[in-house]
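Contents: one structure, followed by commentary.
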Amino acid sequence: MTSKRENPDMKEHIGRLLRGAQVDAGLGQEAARDAQRVASGEISEAKFYEKYHGAYLKEFGIDLRPESSRSGKDELMSKSFFKDSISRRTLFKVAGASAAVLALNMWLGRRALAATRDDIPRVTPVQYGMVIDLEKCDGCLTCVAACKGHNSLDEAVYWLHIISYTDSNRPEVNLLPRFCNHCSNAPCIKVCPVGARFKRDDGLVLIDYDRCIGCRYCMTACPYGVNYFQWTDPAYPLNIEPVSRGRRVAGRPEEGIMSKCDFCPERQDAAGAKGTTICQLTCPHNVIHFGDLNDPQSEPNRYLEQKRKEKGYISTFGLREEFGTKPNVIYIGQQPSANARLAPLPKSYESMGWIAERKEVLGGPQPWFMKALGVKENGPVH
């Protein structure tokens, strides 16, 4: 039987995405598969690092994956890079001319940072996350609209997506808001060759836009289908401050850079806004509860306790926990089964003036985001 990490349809689609990036598609697919094996505990971080270190240096001229900082190889990689390891040819090939110049200038201006990049903690002092009450969601799309507007997202780009489906013994429409899970054990971080994908001490998994070279390896490693690649110049001006803690990590990026749901990092570092997200604030039905999951007195944990007292028992789940990612979005409700099928939303994306399905160039057709449930449009993903 084909494993979940080796679904033929998904493998073909991922290969198509990576071929468009003009990077080694085979390396990206293989590294993504093994990064998920690391997350599930099948292989060690050290073995994963050693297995691909040479291939990463050959393809990218640098290897700043997390294990590098624990294995004493930072100095080696710093020297390797500054001996012209990342060439202009490589950066232009991967990210396009404008991103190439930006990335090259960034690297040349941050030599110390290349040698002392953030370690990737599995357990952080604060772990921002969400509790989502599926019993209250009616698919109004208010949260989606707020996220799109706040982050100036282009057409067919939805960092927050409402998945609508039917399921075994539940023929009625079921709704599930899908976010980035800001995993405690994120495979996407493990494959990034330049350390652009990182986890902060507040638990947010973010993208440093000044480091990202657009190789899209993070897209292949994510079990949830939450990543987007900015293929063209953005259509709308950015209306928020993109810098948080000295890094450009908020709002949608420029051409050639990856993006995804970021839990509003600019708000987490702003007086009066900390502990809130735009989607949470605008939800009219009290579906989204955001806060520090490590704190028993945080808003999401208090909400869970309140629901347990009201109902006596509640069912909770995280998406695709079998991957060992330790997702930090907790759902209250019945977990989708492998028999789930896409169904029309109560309120259509078209009624909002949006394009309903992802365009191929933005990350694939609509079933791509069903990866989050482990199913696809016409049947389960095996």
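If you average 1/r over all unlike Cα pairs in the stretch 173-322 and invert the result, what Kirkwood radius do you get in angstrom?
Working: mean 1/r = 0.0590 Å⁻¹.
Here the Kirkwood hydrodynamic radius works out to 17.0 Å.
Just so you know, the Cα atoms of the stretch 126-195 work out to an Rg and Dmax of 15.2, 46 Å. Backbone geometry of the stretch 269-282 corresponds, through the Karplus equation with coefficients 6.51, -1.76 and 1.60 at θ = phi - 60°, to 3J(HN,Hα) couplings of 10, 10, 4, x, 10, 4, x, 9, 10, 4, 5, 5, 5, 9 Hz, x marking Gly and Pro.
For Val375, nonlocal amide neighbours, meaning residues 5 or more places apart or on other chains whose placed amide H falls under 5 Å from its own, are Val381.
Which value, in debye to the nearest 20, describes the size of the charge dipole of the stretch 180-323 about its Cα centre when Lys and Arg Cβ atoms bear +1, Asp and Glu Cβ atoms bear -1, and nothing else is charged?
Result for the stretch 180-323 is approximately 300 debye, rounded to the nearest 20.
Highest average first, the peptides 271-282, 245-256 ordered by how many other beta carbon atoms sit within 10 Å of their residues are 245-256, 271-282. Each 5 Å bin, from zero up to the one with the longest distance, holds this percent of the alpha carbon pairs of the stretch 280-324: 5, 18, 20, 26, 22, 8, 2.
Laboratory data are not the source of any read-out in this text; all were calculated from the coordinates shown. Quick caveat: nothing in here was measured; it's all calculated off a predicted structure. Quick reminder, even Gly has a Cβ in these numbers, built from the backbone with ideal geometry, and neighbours come from all protein chains shown.
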